[in-house]
Amino acid sequence: MPTATTLQMLGLAGLMSYAAARFAARAGVIGYNRYTLVAVPVDGMPKMPRGFRVEQMTAEALSRHEIDVSQAVQAARFAQGLICLGAFNANDQLVGINWVGSGPFVEDEVHVRFSVPVDAGWDTGLWVRPEHRLGRGFAALWAGTADWLRSQNRTWSMSRIADYNLPSILSHKRMGAVTVGHITAIRLFRWQYMSDGKPRIVMLSSGALADMNVVLSAA
């Protein structure tokens, strides 16, 4: 449950989104997701902290570690061409991962396919082990992400953030993130409605997806 200070910083829209998401999760037959779409300039990302390294991980290498997503989700991300970047400390411990790619990317939580401009990459699912979250694991992952993006001649990293995820929103802002849009997805039984994307209404049982082009123009 967010603290009073957190709710104050989120504002009315964030508070309402948080309440709607919790209600939908409890109801079961409905779903609600509202995202802020952001773009982070590569030059705003940190340098690699001393004692850390980031390397690309294969599916086999990743399977030897317990992370925050299931094997099925991992397989789906690799199948889409996403790259898994793993951050390791001086003791060769995996402290966290990030998934990056050039897109398009089919979202795990809602039925949408995100596409980004040719000078941008897509990052999703950045995660650091709880015991390392007070250290430099996040900085290492962002530094490794920046290195990968530069190797692909990309100058921006684009992603979606739940609009009530204040820590993530603030960390992106510290790197110079700009907001490029918002998107709301509502699921009711077999149907999904999206505030943006085409088509706006899809039947989930058909396997249909909405397509969303994320552009570099501040909202």
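The values are calculated or read from the model by the stated rules, or taken from the named source; none is laboratory data. Computed from a predicted structure; not experimentally measured. Here Cβ is always computed from backbone atoms with ideal geometry, including for glycine, and neighbour counts include all displayed protein chains. Accessible surface areas use protein heavy atoms only, side chains included; no ligands, DNA or RNA. Shrake-Rupley method; radii C 1.70, N 1.55, O 1.52, S 1.80 Å.
Is segment 61-79 home to any residue that is over 21 Å from the mean Cα position of the chain (by Cα) and modelled with pLDDT of 90 or more? Yes - at least one qualifying residue is present in segment 61-79. If you check Gly81, Gly101, Gly135 for being surrounded by fewer than 22 Cβ atoms within 10 Å (Cβ to Cβ), among the small types (Gly, Ala, Ser) and touching a residue at least 40 places away in the same chain (Cβ under 8 Å), only one passes: Gly135. Somewhere in segment 169-176, is a residue open to solvent by less than 10 Å² (accessible area, probe 1.4 Å), modelled with pLDDT of 95 or more and not in a helix (DSSP H, G or I)? Within segment 169-176 (the criterion being open to solvent by less than 10 Å² (accessible area, probe 1.4 Å), modelled with pLDDT of 95 or more and not in a helix (DSSP H, G or I)), the answer is no, since none of the residues qualifies.
Taking the criterion of being over 14 Å from the mean Cα position of the chain (by Cα) and within 11 Å of Ile97 (Cβ to Cβ), the only residue of segment 117-133 that qualifies is Arg129.
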